[in-house]
1. Under 14 Å from the Cβ of Val159, count the other residues' Cβ atoms, weight Lys and Arg +1, Asp and Glu -1, and hand me the total.
2. What list do you get for Ile130, Ile65 if you sort them by fewest beta carbons within 10 Å?
3. Scan (i) 1.29; (ii) 1.43; (iii) 1.24 for the value of Rg/Rh (Cα atoms, Kirkwood Rh) calculated from this model and give just the label.
4. Based on the Cβ-Cβ distance from Lys140 to Asn173, what FRET efficiency comes out when R0 is 45 Å, to the nearest 0.05?
5. Order by neighbour count: Met18, Met74, fewest other Cβ atoms within 10 Å first, most last.
6. Note down the net charge around Trp127, summing +1 for each Lys or Arg and -1 for each Asp or Glu among other residues with Cβ under 13 Å from its Cβ.
7. Please report, for the Cα atoms of segment 3-78, the Rg to one decimal and the Dmax as a whole number; what are they, in angstrom?
8. Can you sort Tyr103, Tyr135 so the residue with the fewest Cβ neighbours within 10 Å comes first?
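Every read-out reported here was derived from the displayed coordinates using simple, explicitly stated rules and does not represent laboratory data. Since we're looking at a predicted model, the values are computed, not measured. Glycine also receives a Cβ, built like all others from the backbone with ideal geometry; neighbour counts cover every protein chain displayed.
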Amino acid sequence: MSPLTASILGGIVCGIAMVVGGILLLYKGAIELESASKDPALTVDLFKKQFSLSTRVPALGLFVIGLLFVGASMWVAMKTDVPRISVTGELTGLDEPAQVTAYKEWPVASSQSEVNDVLRPSFDVLWVRITAPGYSEFDKSFDGGGAIKLGTVKLERAVPKIEPKPENIAQVNFSAPKFDPGGGGFSTP
């Protein structure tokens, strides 16, 4: 799990814990929504004091803060900077299922006895490999501009297809062993 995913899940769990904790405190009677103080118990000033939010019921603060945790975590989850790349195309002339793989090759500096490099991933060029059993491989580079359009791809058969011939299939006389459920196990006929 990446640190970003862990922090998003942590924020959601904290927010849910605050809301559930507030509900439990209300249920136990430790806090009450009916008792309002004369002075504001919770005041939030936003946007350089141009927008102010205040309440006279401090218990609402638990719910508001919990919902802020959940909302902020979900907003961060939507705004990840991982690029989305769609791959579309049509495969023709295949009798077997194909496997389509998009990948990126990043060369890593190494010597005869050591590997030591820092990767700075970029998706400016991506490779697409299409393989199917018995067919030649399709491997081509594409500009990673958000969409890879393969068009129509026809893989050439590399290995001739072997058709079964019923006249070459011989019948085998075989009887399966019988099972004795009374504890005798398997017996041969």
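1. Values: positive: Arg157, Lys161; negative: Asp95, Glu96, Glu137, Glu156, Glu163.
Here the count lands on -3.
2. Working: Ile130 20, Ile65 16.
Ranked by crowding around the Cβ, least crowded first: Ile65, Ile130.
3. Structure-derived value, by its label: (i).
4. On the way: r = 53 Å, r/R0 = 1.18.
Working from the Cβ atoms, E equals 0.25.
5. Ordered by Cβ neighbours within 10 Å, fewest first: Met74, Met18.
6. Once positives and negatives cancel, what remains is -2.
7. Taking only Cα atoms of segment 3-78, I get Rg and Dmax of 14.5, 44 Å.
8. Working: Tyr103 9, Tyr135 20.
Least to most surrounded, the residues fall as Tyr103, Tyr135.
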